[in-house]
């Protein structure tokens, strides 16, 4: 049984207008995504801004209420649960937020921040709790003494580690990482990413990794879903998507990954021009008359693409 | 300053808490201590409060408001430190008790209206959407009511008219401003990820409001309440001056000042109304000074310390 199944998940926001503020239209932030996660893998959700990748993550954990579709975690349909029962699942699904500056309460000391989930779900004595916090801080590579500091006394990377420590406090099975490194500078990005991979091996974690950085996603993920306008354009293993993109949108996205070798620069530029031309020519073929994305079709055993 | 802090840290290296950074209230305190005007104002307000709340323990209000026809309009003397009014009542005693009554009203109104305003503001801001809409329409409704008129009517029809009923009726019309300020700040805070993170960590709404949201509103609450206190003392005096405050048996700063509506008193018997006027000025200015210092402390960009 897979750890998490998302079936035809939709999140629509109403657009209200007119005198009575009636619903006149909807924004289809997420418009029917389906995915399956096995334990221990890292699933990458990639797309441009506004493609609905963050909203998908938030809907899975329950911060947004889905308009339609279901999220099944270990065989339990999450969005049919009552609030109270659903709370139990927060233990197993945790989230690392995009902005380390706003995701930690500025008025709280580190020990209170990390202790929050522990106090909510586990009955521990003061000493036991303190030990656990120090353990977690060591796990994310911070000194145990930092438990008495405020978040503003840490650098961006350290703050993001605090966010990870908090997410790990309950030993969850699934962590949704919503652009965990996009607010950090590049040297720190690598640090946090490698650290996340390390603890994944150590603690047998499953990640949903939301990002717009294709390089980062390739480094982190086994499987990748490319999102466009709230739908999947292509889904498959990292090799499928990077080496054999089927949809022109994916092709263009992959072509945009920067190459570090200046010798290839001319070649890369030409290649990008070519892909752009192909994209412009075939745009009408790959999207329906409203610019929407087609349903996914199977390309190989692991590879799906929204082909006409 | 830095040296003394280091010395403190070195004094007890065993203490785990030595490396703690200053908590929020310490920042507020430091800011007030740094600002000499605010510090002086704070001391002044505290000492005035001490005097007016402690001295009446030895003075009886009935004794002071008893009419004494043989001592009408006496100028200041050793017997009557600030003279007497047209009923032969000791002005100094009235000043002490009056200040106490005015302060009690000010503090009471600030506390009660603050409670209502904070609760509604936080609830509106935190839950947003429909809840916010309903509460804000109630606020709008209270804003358009002719406050002064209703207060005056209330005062006229209520038979037993005490400090407490006055606090109650004033608070009913003074909580909206606070609710709006708190709500706007709460609306901004709730969009931040730490509130959302709290939800994914399994905290209930009530817990999030009290342990996550409120600490981040604390500085704005303290500042608003302090500045409101100064204004509320003024409101009581204003109403009393107009004759809709307390009756003469319950002296207040406003009743003392309203004696000055009599032209002879205004011109010749300064001891009746000047001390009360100065006291009210000093109180409001001082509380305002402290409030301004607190406001600076709440905003790291303006901080001096």
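The values are calculated or read from the model by the stated rules, or taken from the named source; none is laboratory data. Treat the numbers as computed from the prediction; the structure is a model and nothing was measured. With ideal geometry, Cβ positions are generated from the backbone for all residues, glycine too; neighbour counts draw on all protein chains shown.
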Worksheet entry | Count of segment A:78-95 residues which are within 9 Å of another protein chain (Cβ to nearest Cβ) and closer than 26 Å to residue A:193 by Cβ | 5
Worksheet item: Looking at residue A:29, is it at pLDDT 85 or above, within 14 Å of another protein chain (Cβ to nearest Cβ) and either crowded, with 19+ Cβ neighbours inside 10 Å or under 21 Å from the mean Cα position of the chain (by Cα) (or both)?
Response: no
Response to the item:
Given (1) modelled with pLDDT of 85 or more; (2) more than 27 Å from the chain's Cα centre (by Cα), residue B:89 misses just (1)
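Residue by residue, here is whether (1) within 22 Å of residue A:296 (Cβ to Cβ); (2) touching a residue at least 12 places away in the same chain (Cβ under 8 Å); (3) over 20 Å from the mean Cα position of the chain (by Cα) holds:
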position: A:15; (1), (2), (3): no, yes, yes
position: A:33; (1), (2), (3): yes, yes, no
position: A:41; (1), (2), (3): yes, yes, no
position: A:44; (1), (2), (3): yes, yes, no
position: A:48; (1), (2), (3): yes, yes, no
position: A:83; (1), (2), (3): no, no, yes
Discussion item. When the residues of segment A:125-153 are narrowed to those that are within 11 Å of chain B (Cβ to nearest Cβ) and touching a residue at least 40 places away in the same chain (Cβ under 8 Å), which ends up surrounded by the most Cβ atoms within 10 Å (Cβ to Cβ)?
Written reply: A:151
Discussion item. When you check residue B:268 against the structure, is it touching a residue at least 24 places away in the same chain (Cβ under 8 Å) and either exposed (fewer than 15 other Cβ atoms within 10 Å of the Cβ) or in contact with a strand residue (DSSP E or B) (Cβ under 9 Å, 6 or more places away or on another chain) (or both), yes or no?
Written reply: no
Item to complete: Among the residues of segment A:38-61, write down those that are farther than 30 Å from residue A:256 by Cα and at pLDDT below 85.
Response: none
Worksheet entry | Sole residue being under 30 Å from residue B:247 (Cβ atoms), under 23 Å from the mean Cα position of the chain (by Cα), away from chain A (no Cβ under 14 Å) and modelled with pLDDT under 90, chosen from B:176, B:170 | B:170
Discussion item. Exactly one condition in (1) assigned to a loop (DSSP other than H, G, I, E, B); (2) within 23 Å of the chain's Cα centre (by Cα); (3) within 27 Å of residue B:183 (Cβ to Cβ) is false for residue B:203; which is it?
Written reply: (2)
Discussion item. I'd like to check something: does segment B:97-104 contain any residue that is farther than 14 Å from residue B:250 by Cβ and buried (at least 19 other Cβ atoms within 10 Å of the Cβ)?
Written reply: no
Discussion item. Just to be sure before I move on: is residue B:28 part of a helix (DSSP H, G or I), within 14 Å of chain A (Cβ to nearest Cβ) and either modelled with pLDDT of 80 or more or under 20 Å from the mean Cα position of the chain (by Cα) (or both) in the structure I sent?
Written reply: yes
Worksheet entry | Members of segment A:38-53 that are out of contact with any helix residue (DSSP H, G or I) (no Cβ under 8 Å at 6 or more places or on another chain) and buried (at least 21 other Cβ atoms within 10 Å of the Cβ) | A:43, A:51, A:52, A:53
Discussion item. Only one of A:61, A:15 is touching a strand residue (DSSP E or B) at 6+ places or on another chain (Cβ under 6 Å) and surrounded by fewer than 21 Cβ atoms within 10 Å (Cβ to Cβ). Can you tell me which?
Written reply: A:15
Practice prompt. Kindly indicate whether residue B:135 is without any contact (Cβ under 8 Å) to a residue 60 or more places away in the chain and either within 19 Å of the chain's Cα centre (by Cα) or within 30 Å of residue A:14 (Cβ to Cβ) (or both).
Written response: yes
Fill in: Candidates A:187, A:103 - the one that is over 17 Å from the mean Cα position of the chain (by Cα) and either part of a helix (DSSP H, G or I) or within 11 Å of chain B (Cβ to nearest Cβ) (or both)
A:187
Practice prompt. Being part of a helix (DSSP H, G or I) and farther than 13 Å from residue A:162 by Cβ is the filter here, so list the residues in segment A:125-137 that pass it.
Written response: A:126, A:127, A:128, A:129, A:130, A:131, A:132, A:134, A:135
Discussion item. Among (1) out of contact with any helix residue (DSSP H, G or I) (no Cβ under 7 Å at 6 or more places or on another chain); (2) in a helix (DSSP H, G or I); (3) facing another protein chain (nearest Cβ under 9 Å), there is one condition residue A:98 misses while meeting the rest; what is its number?
Written reply: (2)
Item to complete: Look at segment B:243-267 and say how many of its residues are part of a helix (DSSP H, G or I) and over 20 Å from residue B:104 (Cβ atoms).
Response: 8
Discussion item. Anything in segment A:106-124 that is assigned to a helix (DSSP H, G or I) and more than 7 Å from chain B (Cβ to nearest Cβ)? List them, or say none.
Written reply: A:110, A:111, A:112, A:113, A:114, A:115, A:118, A:119
Worksheet item: For residue B:112, all conditions in the list (1) out of contact with any strand residue (DSSP E or B) (no Cβ under 9 Å at 6 or more places or on another chain); (2) under 24 Å from residue B:281 (Cβ atoms); (3) in a helix (DSSP H, G or I) hold save one; what is the number of the exception?
Response: (2)
Discussion item. Given the condition in contact with a helix residue (DSSP H, G or I) (Cβ under 7 Å, 6 or more places away or on another chain) and in a loop (DSSP other than H, G, I, E, B), answer yes or no: does some residue in segment A:215-226 qualify?
Written reply: yes
Worksheet item: Within segment A:239-265, how many residues are at pLDDT below 80 and outside the structural domain of residue A:298 (by TED's automatic domain parsing)?
Response: 0
